[in-house]
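*Asks:* Following this message is one structure expressed as structure tokens.
The values are calculated or read from the model by the stated rules, or taken from the named source; none is laboratory data. These numbers come from a predicted model, not from an experiment. Don't worry about glycine lacking a Cβ; one is built from the backbone with ideal geometry, like all the others, and counts go over all protein chains shown.
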Amino acid sequence: MALGGVLSALIVALLYFAGISEVASLSVLAAAGLILCLCVLECGIRYAAVSYAATAILSLVLCADKITAFFYITFFGIYSILKAVFEMKIRQRVAEWLLKFGCFNLSLLAMLVISKLLVADLGILTKLPWFAWAGGWILLNGVFLLYDIAITRVITFYAFRLRRRLFRK
């Protein structure tokens, strides 16, 4: 439980940093998602879910940049937990990837709908032709695929190389 609290504090600190540094916000969000993946690995899904809820609330309260907190809540945080559930529970690889891409695309849709509700004018986004939206959607799905593969490799490296060195007994 203590490790979950420490990892949660680190996530909130990273999200706060992303809010004051506009340059590295997406990479910091990815790092926050990775830390939550490590929380799943070390503490289990239940503690990770509690950690996600706590970091979501704290990020909304403490972070100056609410958009960063919004991205963490709608995708980077929740996906870290769902990824573990999908990979542990789903035996068929195709079904697992369909669920992962479905989760990502639902997150994209939620981000778009909530942005439209909260921000009256989305500017140039409303004037884009359909093929620009389709190209952006394909590009974002490709980036998501790379993100998922990268997270999997980092978690594997941690589990098989770093974990033994960090937690010697």
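*Asks:* Can you tell me which of (1) among the hydroxyl-bearing types (S, T, Y); (2) under 16 Å from the mean Cα position of the chain (by Cα); (3) more than 13 Å from D148 (Cα to Cα) is the one Y79 doesn't meet?
*Replies:* Failing condition for Y79: (3).
*Asks:* Among L62, L34, L29, which is more than 22 Å from L108 (Cα to Cα) and in contact (Cβ under 8 Å) with a residue 40 or more places away in the chain? Spell out the reasoning first.
*Replies:* On the way: L34 fails: more than 22 Å from L108 (Cα to Cα); L29 fails: more than 22 Å from L108 (Cα to Cα).
L62 is the lone residue from the list that is more than 22 Å from L108 (Cα to Cα) and in contact (Cβ under 8 Å) with a residue 40 or more places away in the chain.
*Asks:* How many of the residues making up the range 5-18 are modelled with pLDDT under 85 and either surrounded by fewer than 19 Cβ atoms within 10 Å (Cβ to Cβ) or touching a His at 6+ places or on another chain (Cβ under 6 Å) (or both)?
*Replies:* 2
*Asks:* Looking only at residues in the range 61-77 that are hydrophobic (A, V, I, L, M, F, W, C) and modelled with pLDDT of 90 or more, which one is farthest from L14 (Cα to Cα)? Spell out how you get there, then give the answer.
*Replies:* We begin by selecting, within the range 61-77, every residue hydrophobic (A, V, I, L, M, F, W, C); these are 61-64, 67, 69-71, 73, 75-76.
If we keep only those that are modelled with pLDDT of 90 or more as well, we get 61, 73, 75-76.
Numbers: V61: 14, I73: 14, F75: 16, F76: 13 Å.
In this case the residue turns out to be F75.
*Asks:* In addition: Within the bounds of the range 76-85, is there any residue that is of a type in the set (D, E, K, R) and part of a helix (DSSP H, G or I)?
*Replies:* So the first thing to find is which residues in the range 76-85 are of a type in the set (D, E, K, R), and the list is 83.
Add one more test, that the residue is part of a helix (DSSP H, G or I), and what stays is 83.
Checked the range 76-85: at least one residue is of a type in the set (D, E, K, R) and part of a helix (DSSP H, G or I).
Every residue, every condition in (1) within 15 Å of L108 (Cα to Cα); (2) modelled with pLDDT of 85 or more; (3) of a type in the set (A, V, I, L, M, F, W, C), yes or no:
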site	(1), (2), (3)
G123	no, no, no
K127	no, no, no
N141	yes, yes, no
F160	no, yes, yes
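*Asks:* Identify, please: which residue in the range 19-57 is of a type in the set (V, I, T) and part of a helix (DSSP H, G or I) and is, among those, surrounded by the fewest Cβ atoms within 10 Å (Cβ to Cβ)?
*Replies:* Among them, the one singled out is I20.
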